[in-house]
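Quick note: the coordinates plus some simple rules give every number you see, no bench work behind them. Since the model is a prediction, treat every value here as computed from it, not as a measurement. Here Cβ is always computed from backbone atoms with ideal geometry, including for glycine, and neighbour counts include all displayed protein chains.
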Amino acid sequence: MRSLSIFGATGSVGEQTVDLIRRAGGARAFRVKALTGGRNIARLAEMARELRAEVAVCAEPSGLAELRERLAGSGVEAAAGPEAIAEAADRPADWVMSAIVGAAGLVPGIRALRHGSVLALANKESLVTAGPLLMAEAAAHGARILPVDSEHSAIFQALVGEDIAAVERIILTASGGALRDWPLEALARATVTDALAHPNWAMGQRITIDSASMFNKALEVIETREFFGVAPEQIEVIIHPESLIHSMVGYRDGAIMAHLGAPDMRHSIGYALNWPDRSHLPVARLDLAQVATLTFRAPDEARYPALRLAREVMARRGLAGAAFNAAKEVALDRFLAGQIGFMDMASVVEATLEALDDAIGNGSTVMALEDVQSVDHLARVRAAERADIVARGRAGAG
Ligand code: NAD
Ligand code: MG
């Protein structure tokens, strides 16, 4: 029987993973080692009971008493806190879903790789923050990382049986997010509610805002560079409002292989779960006659400064990705809290990269976890300072 763990089980990707596991037989078909969640302790306990997990772990130590109570008599162990989440990754599992949001997903992912697991990676932040480290850990322990981000799963599938050396370009598709049709000058006034109205994908709150600002696509460009090892110039972004082509690989003979499907994350989660096989998945089938048209447009970099910043991060390499992701997380928190505006997120990130110039841009691809964590911390401090300045300016102006 295959063993598995899900980190971030109560989130959007986590719930869809649980759904596929339930449909594949649940506790009768899999030995479930660990399930982790954040604040939704009731839901975490419920899924841990259903899947008969060995251990359930919530992110906040203060949630432990409630988790214990809800698991009483179930035989599922309860634990809490970041260290307990990392320890849960030390329970060897054949397949591990990394679906925590943000840099908090990095350490459990690394620990799982050290046990030679197949790591289904939704947590793109860990590749952006410490791509070379993750790839080195996988290689050293014979572990395998499978992409779960829909674009990267599409690229991975378009590469099956091909030689990466024959790849000329990788074309990442982007929906353009909730604000894609807003006039440029209105973007500065966009609210959280505006940015959450995603046209195609139902996702967690943070990635939905990141889609509207294209910080999500910026992270994905860097993720592509780290995962597939292609040069930054080979990676293109195109807006494709229908979100039916999930990404494309262009080969040196001019052929382009595209991956199409309904916008449903269970495609890429299911592909990673069943890999290297394909099994039936409960996703809508495309009726192309009904779809009739697929449209494309080039992204306007004035609307999406995040894309330009991603290019800078790739040019610097080293610890620039860790600083970029951490600053972006802070800027996003501040936007969600109503303290800074939608377009201020990019300016906070840009100012943070400039402030950390000396600490990050060493061009190196060898990194230690401690260095990644210290730059992550430093970037959070600098980004918070910058966001405070912006917030004071807005309060003064308003
Ligand atoms: P989400 O916010 O819905 O869920 C995140 C999960 O992580 C929850 O279980 C939450 O409780 C947990 N969590 C949050 N902060 C934590 C912390 N500090 N420590 C431990 N656990 C914590 O997020 P999501 O949309 O499911 O996204 C998860 C990851 O997958 C992200 O990296 C995201 O970029 C990526 N992703 C998501 C989608 C999607 O469709 N939702 C698509 C592609 C990639
Ligand atoms: Mg994606």
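Using the Kyte-Doolittle scale, which helices in the chain average at least 0.5 and also have C-alpha atoms spread 18 Å or more along the helix axis, with helices defined as whole DSSP H runs?
Membrane-span-like by this criterion, though nothing is claimed about a membrane: 124-140, 320-336.
Taking the Cα centre of the chain as the origin and placing charges on Cβ (Lys, Arg +1; Asp, Glu -1), which of ILE389, SER247, ALA122 is farthest toward the positive end of the dipole?
ALA122
Tally the DSSP beta bridges in the stretch 153-291 and give the antiparallel ones as a percent, rounded to 5.
Antiparallel bridges make up about 65 percent of those DSSP assigns within the stretch 153-291.
For the chain, give the magnitude of the charge dipole about the Cα centre (Cβ charges: +1 Lys/Arg, -1 Asp/Glu; no others), in debye to the nearest 20.
Dipole size: approximately 820 debye.
Label point 7 Å out from THR191 along Cα-to-Cβ: which residues of the stretch 367-398 have amide N under 19 Å?
Backbone N within reach: 394-395, 398.
Could you give the length gained on full extension between GLU242 and GLU69, defined as 0.36 nm per residue of separation minus the Cα-Cα distance, in nm?
57.7 nm
Can you give the relative contact order of the stretch 185-324 as a percent, counting alpha carbon pairs under 8 Å and 6+ residues apart?
25 percent
If each DSSP helix of 4+ residues adds -39,500 (n - 2.57) and the sum is divided by the residues in the chain, what number results at 222 nm, nearest 500 deg cm²/dmol?
-14000 deg cm²/dmol
Looking only at the chain, where both bridge partners belong to it, what percent of the DSSP beta bridges are antiparallel (to the nearest 5)?
Counting only bridges with both partners in the chain, antiparallel ones make up about 25 percent.
Mark the label point 7 Å from the Cα of THR295 along Cα→Cβ and return the residues of the stretch 179-215 whose backbone N is within less than 15 Å of it.
Hits in the stretch 179-215 for THR295 at 15 Å: 179-183, 199-200.
Using a 7 Å offset from the Cα along the Cα-to-Cβ direction at both ALA202 and SER374, what is the distance between the two label points in nm, to one decimal?
For the pair ALA202/SER374, the computed spacing is 4.6 nm.
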